[in-house]
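Before any comments, here is the structure.
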Amino acid sequence: MKDINKKTKEELMRDLKPADAYLDSLAGFSDLLGTIRQAENAAKEMLDETITQKSISDTTNQKNTAPTPVTNKQQDDKEKTKNESNPQGESEDNAEEAEEKEETLEELLERLDALVGLDNIKQNVKSLINYVKIRSLREKNELPNPPLSLHLVFYGNPGTGKTTVARIISKLYKAIGVLSKGQLVEVDRSGLVAGFVGQTAIKTSEAVNSALGGVLFIDEAYALAPDMGSQNDFGREAIETLLKLMEDHRDDLIVIVAGYSEPMERFISSNPGLESRFNRYLFFEDYNSDELYEIFTAMCVKSEYLLTDEAKDYAREHFRQIYDNRDENFGNARHVRNFFENIVTVHSDRISCLDDHTRDDLTMVILEDLEKAAEM
């Protein structure tokens, strides 16, 4: 049987094309490859040209639309402590608006005078400002000045306006040239003390660096003072680090420590360095009942709530009783704010049950609202 895989010579010769045919095919194939390469090169050139034109266009657009660069000073002026307590009832928007502009010394003193109560604080702050101004004049006249420490101790019950006054003082120091920026950075023990050895110094340094040019306000500073017999408390490290940095940056850093009266005395006496650097004390007295009522009505006016005569009488009596029965935990203006917020909640519940709401309904606060708020 003939092997089908084998072909005769004649069959093979018949299947093969002539050499001239192969040469013609190769020449055609070479021409085709050349055409393809030319097309590829042309496409590449077009693509490169398109990319170049787009790059030029994008650069031009960026130059035309790029925002104006913000300088470090402008950025620093915009950085605010939004979470600071505001016991006198200033709205956050108004406080932020006031911080945006560069206030004059006269405007800042007007803000200080506008605060409810705090007569002794206002007088002490004004005396301090006058003292600094006269020192500057003596320096210009080449007269000697005694050593000066502008670091302050605020002591008194909570809600007496310590943070609000500290904010104004930071701006006053800026206005008279003591500080370069005048920002207020508020911290407590948790903002200075870490839970591991060696970390507290780093954390305290970061807080101080953020306050350079302004005021570092340490609330409840007595929490940094270690208890008797506690040699390993990290608060001790925070105090020592703080004292060194206060000395290193004494020309552009003010530290204000605040807290209850007796614990603050223990804090200052816990380290000789604290006693030498903090020698100015401002005592924030409790607001009396009339001042509490004045703060309350200011909150109502700012939020456009109107009280009936019966509601006003009830509020006056409420604050009188609160003041007469106050203890060491008396919240002062913080109690006023809590009471006001409770009233707003009760008022909202009452009005939401009405079918039709008039403008008077949305603004009028009645006796029943205050009575329910007091129970809360």
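Within the stretch 303-319, being closer than 16 Å to ASN338 by Cβ and either touching a His at 6+ places or on another chain (Cβ under 9 Å) or not polar (S, T, N, Q) (or both) holds for TYR305, ALA315, HIS318, PHE319.
Taking the criterion of being under 15 Å from PHE234 (Cβ atoms) and part of a loop (DSSP other than H, G, I, E, B), the residues of the stretch 187-215 that qualify are ASP188, LEU192, VAL193, ALA194, GLY195, PHE196, VAL197, GLY198.
The residues listed here are LEU184, LEU150; of these, the one that is in contact with a Gly (Cβ under 8 Å, 6 or more places away or on another chain), touching a residue at least 60 places away in the same chain (Cβ under 8 Å) and closer than 22 Å to GLY259 by Cβ is LEU184.
Evaluate the stretch 228-235: report whether one residue or more is in contact (Cβ under 8 Å) with a residue 40 or more places away in the chain and farther than 28 Å from ASN157 by Cβ. The answer is no, given that none of the residues of the stretch 228-235 is in contact (Cβ under 8 Å) with a residue 40 or more places away in the chain and farther than 28 Å from ASN157 by Cβ.
Kindly indicate whether any position in the stretch 177-185 is touching an Asp or Glu at 6+ places or on another chain (Cβ under 7 Å), closer than 21 Å to GLY273 by Cα and buried (at least 22 other Cβ atoms within 10 Å of the Cβ). No, there is no match, as no residue in the stretch 177-185 is touching an Asp or Glu at 6+ places or on another chain (Cβ under 7 Å), closer than 21 Å to GLY273 by Cα and buried (at least 22 other Cβ atoms within 10 Å of the Cβ).
One line per residue, one yes/no per condition, for (1) closer than 17 Å to GLY156 by Cα; (2) surrounded by 15 or more Cβ atoms within 10 Å (Cβ to Cβ); (3) assigned by TED's automatic domain parsing to the domain that holds LYS122:
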| residue | (1), (2), (3) |
| --- | --- |
| PHE267 | yes, yes, yes |
| MET299 | no, yes, no |
| LYS302 | no, no, no |
| ARG320 | no, yes, no |
| ASN332 | yes, yes, no |
| HIS335 | yes, yes, no |
| SER352 | no, no, no |
| ASP369 | no, yes, no |
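Contact annotation: residue pairs with Cβ atoms under 8 Å, 6 or more positions apart or on different chains, pairing a residue in the stretch 324-352 that is on the phi > 0 side of the Ramachandran plot with a partner that is in a helix (DSSP H, G or I), are ASN332/LEU292. Against the condition assigned to a helix (DSSP H, G or I) and within 30 Å of GLU103 (Cβ to Cβ), how does VAL257 come out, does it pass? No, not satisfied. Among the residues making up the stretch 149-172, a single one is aromatic (Phe, Trp, Tyr) and either surrounded by fewer than 19 Cβ atoms within 10 Å (Cβ to Cβ) or at pLDDT 95 or above (or both): PHE154. Across the stretch 209-217, a minimum of one residue is classified as aromatic (Phe, Trp, Tyr), closer than 21 Å to GLU262 by Cα and either in contact with a Ser or Thr (Cβ under 6 Å, 6 or more places away or on another chain) or modelled with pLDDT of 90 or more (or both). I'm trying to understand the selection: among the residues of the stretch 115-144, which are surrounded by 12 or more Cβ atoms within 10 Å (Cβ to Cβ) and either closer than 25 Å to TYR293 by Cβ or of a type in the set (S, T, N, Q) (or both)? Scanning the stretch 115-144 gives LEU115, VAL116, GLY117, LEU118, ASN120, ILE121, LYS122, ASN124, VAL125, SER136. For the stretch 194-206, indicate whether the set of residues that are within 19 Å of PHE283 (Cβ to Cβ), hydroxyl-bearing (Ser, Thr, Tyr) and assigned by TED's automatic domain parsing to the domain that holds LYS126 is non-empty. Taking every residue of the stretch 194-206 in turn, none turns out to be within 19 Å of PHE283 (Cβ to Cβ), hydroxyl-bearing (Ser, Thr, Tyr) and assigned by TED's automatic domain parsing to the domain that holds LYS126. Within the stretch 263-282, the set of residues being in a helix (DSSP H, G or I) and in contact with a strand residue (DSSP E or B) (Cβ under 9 Å, 6 or more places away or on another chain) comprises PRO263, MET264, GLU265, PHE267, ILE268, LEU274, ARG277.
The values are calculated or read from the model by the stated rules, or taken from the named source; none is laboratory data. Everything numeric in this text was worked out from a predicted model, so none of it was measured. Heads up, the Cβs are rebuilt from the backbone with ideal geometry, glycines too, and the neighbour counts pull from every protein chain shown.
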